[in-house]
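Just so you know, all these numbers are worked out from the coordinates, no wet-lab data involved. This is a predicted model, so every value here is computed, not measured. Backbone-built Cβ (ideal geometry, glycine too); neighbour counts: all protein chains shown.
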Amino acid sequence: MRLTPLDRDNLAEDQQTVLDEIEQGPRGSWRKNFGTTGPFGAWVSAPSVGSAIQKTGEAIRFGTSLAPNVQEVAICTVGVFYQSKFEFAAHRELAIKAGVNPANLDLLKNEKIPGFEGNERLAWQIATQMLTEHGINDETYKAAVDRLSQTGVIELIATIGYYCLISLTLNSLEIPLEADMEDPFPIETN
């Protein structure tokens, strides 16, 4: 890990503010004392941007019109694209809780075409197009607006963009998995 570990008992005031925002907000029920793990440690370490980023994440995770399963499919698609171990491991668990079929997540992880249906398939198509084509084609965009509304499509685009930021942060800082997380992309050695 490239990030200097944080001492929860010795944070600057602005760092403590960001940590409190993270742990006392809607994410608070996820894990005990998680505010210095995963991407959150980066946000606490750089509070001038960390506060704004965590607030954006809170709005995206807890303030959109998107169904949780649709949101989690998009997030997991981003995690796979970037091979972001922490991101995919954390959100695979959340996706399953939201009703996403684990077999489809395994296909996604193994870079096979998953059998997502309905709005889950639409979320996967949009995320895949944004990541590989740098936009959304007209046919997919029209289908998305018809099914999710224009607001829903904008929220989905924002979700995908935000989780690109998260995945790149996790990878660039080499943030490790938590002890109870399974490595979704183990490095094969011969």
| remark: If each K or R counts +1 and each D or E counts -1, the residues other than GLY79 whose Cβ falls under 13 Å of its Cβ total -2
| request: Rank the residues SER172, SER45 as a footprinting-exposure proxy: fewest other Cβ atoms within 10 Å of their Cβ go first. | output: SER172, SER45
| query | Given 0.36 nm per residue, what is the gain on full extension from GLU182 to ASN137 after removing their alpha carbon distance, in nm? | reply | 12.7 nm
| remark: Footprinting proxy, ILE136, ILE154: sorted fewest to most Cβ within 10 Å, the residues are ILE154, ILE136
| query | Residue by residue through the stretch 164-179, which ³J(HN,Hα) values in whole Hz follow from phi under the Karplus form 6.51 cos²θ - 1.76 cosθ + 1.60 (θ = phi - 60°), with glycine and proline marked x? | reply | 5, 4, 4, 4, 5, 5, 4, 5, 5, 8, 6, 5, x, 5, 6, 4
| note | Calc'd 3J(HN,Hα), the stretch 56-73, phi into Karplus 6.51 cos²θ - 1.76 cosθ + 1.60 (θ = phi - 60°), Hz, glycine/Pro = x, comes to 4, x, 4, 5, 5, 6, 10, x, 9, 8, 6, 5, x, 5, 5, 4, 5, 4
| field | Per-residue [θ]222 nm for the chain (sum of -39500 (n - 2.57) over DSSP H runs n ≥ 4, rounded to 500) | value | -20500 deg cm²/dmol
| task | Counting residues in the stretch 13-62 as N, plug N into 2.2 N^0.38 Å and put the Cα Rg over that result. | result | 0.98
| Which net charge results when you count Lys and Arg as +1 and Asp and Glu as -1 among the other residues whose beta-carbon is under 14 Å from that of ARG147? | -3
| task | Would you mind telling me which residue in PHE116, PHE86, PHE62 has the biggest mean-square fluctuation in a Gaussian network model of the chain, where springs connect alpha carbons within a distance under 10 angstrom? | result | PHE62
| Which whole-Hz couplings ³J(HN,Hα) result when phi for each residue of the stretch 9-17 is put into the Karplus expression 6.51 cos²θ - 1.76 cosθ + 1.60, θ = phi - 60°, listed in order with x for Gly and Pro? | 8, 9, 8, 5, 4, 5, 5, 5, 4
| query | Of the labelled options (i) 52, 23, 12; (ii) 39, 17, 11; (iii) 28, 20, 14, which one gives semi-axes √(5λ) of the Cα gyration tensor in Å as computed for this structure? | reply | (iii)
